[in-house]
Amino acid sequence: MTSSEPVEERPLGLRERKKAKTRAAIQQEAMRLFRERGYEDTTVEDIAAAAEVSESTFFRYFPTKEDVVLRDDYDELLIEAFLAQPPDLPPLRAFREALHSIVSVAGGLSPEELELEQVRMKLSFNEPEVRARWVSEFARAFRSFGTAVAERAGLPTEDLRVATFVGALFGVILVAFEPILEDPTRRWTDLLPAIDEALDLLEQGLPL
């Protein structure tokens, strides 16, 4: 398949850029400390000190320590990209094109940023406190994307077809994540090919 054009980044004002830079710095320092010391042995105080911000500033950006792991903009970007796809594209194809456009944005990350992103993904699945919070965030993302699917298809959000479609997509993503998280030699950049392979099967009607 061919990739769609990258998602256009909305221009940010000076204040928004400063906030985004501070949030990124906090999160990057947190991931670095989690990798070096472990999640449980790293405190909010440690993260704030490393990022050179106060603890109150930390909590303005991340209400809890779990949030510094889970918070990202990918859900919102994916929904925007999905809704921007041509209306004649079937929903599954529209999702694939949207996903590729988001990955093209992530492709601009430095090797160090990619490594820290992998730390974040592993914590989301393997750290009990973070995983528990991730479950509720997953449910929220499911509902948000379901609303986008319903909007694009002109269906009510409670339509069973919407929930089934979104459930299939999210299931594919979970299946693709597992081997990357389990195998330390696999990289975060291996995720898209793994998702594509599973989506190919879904698009073919899951031939067994």
So which helices (runs of 4 or more DSSP H) are wholly in the range 106-208 and hold at least 1 residues that are at pLDDT below 80?
111-126, 160-182, 191-203
Take residues that are among the aromatic types (Phe, Trp, Tyr) and free of Cβ contacts under 8 Å to residues at least 60 places away in the same chain and tell me which of the helices (runs of 4 or more DSSP H) falling wholly in the range 39-100 contain 2 or more.
55-61
Just to be sure I understand the filter: pairs with C-beta atoms under 6 Å, separated by 6 or more residues or on different chains, first member in the range 139-168 and surrounded by 14 or more Cβ atoms within 10 Å (Cβ to Cβ), second member acidic (Asp, Glu). Which pairs pass?
Ala141/Asp75
Could we say that Glu52 is loosely packed, with under 15 Cβ neighbours inside 10 Å, assigned by TED's automatic domain parsing to the domain that holds Ala194 and farther than 19 Å from Phe142 by Cα here?
no
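The values are calculated or read from the model by the stated rules, or taken from the named source; none is laboratory data. Note that the structure is predicted; figures quoted are calculated from it, not measured. With ideal geometry, Cβ positions are generated from the backbone for all residues, glycine too; neighbour counts draw on all protein chains shown.
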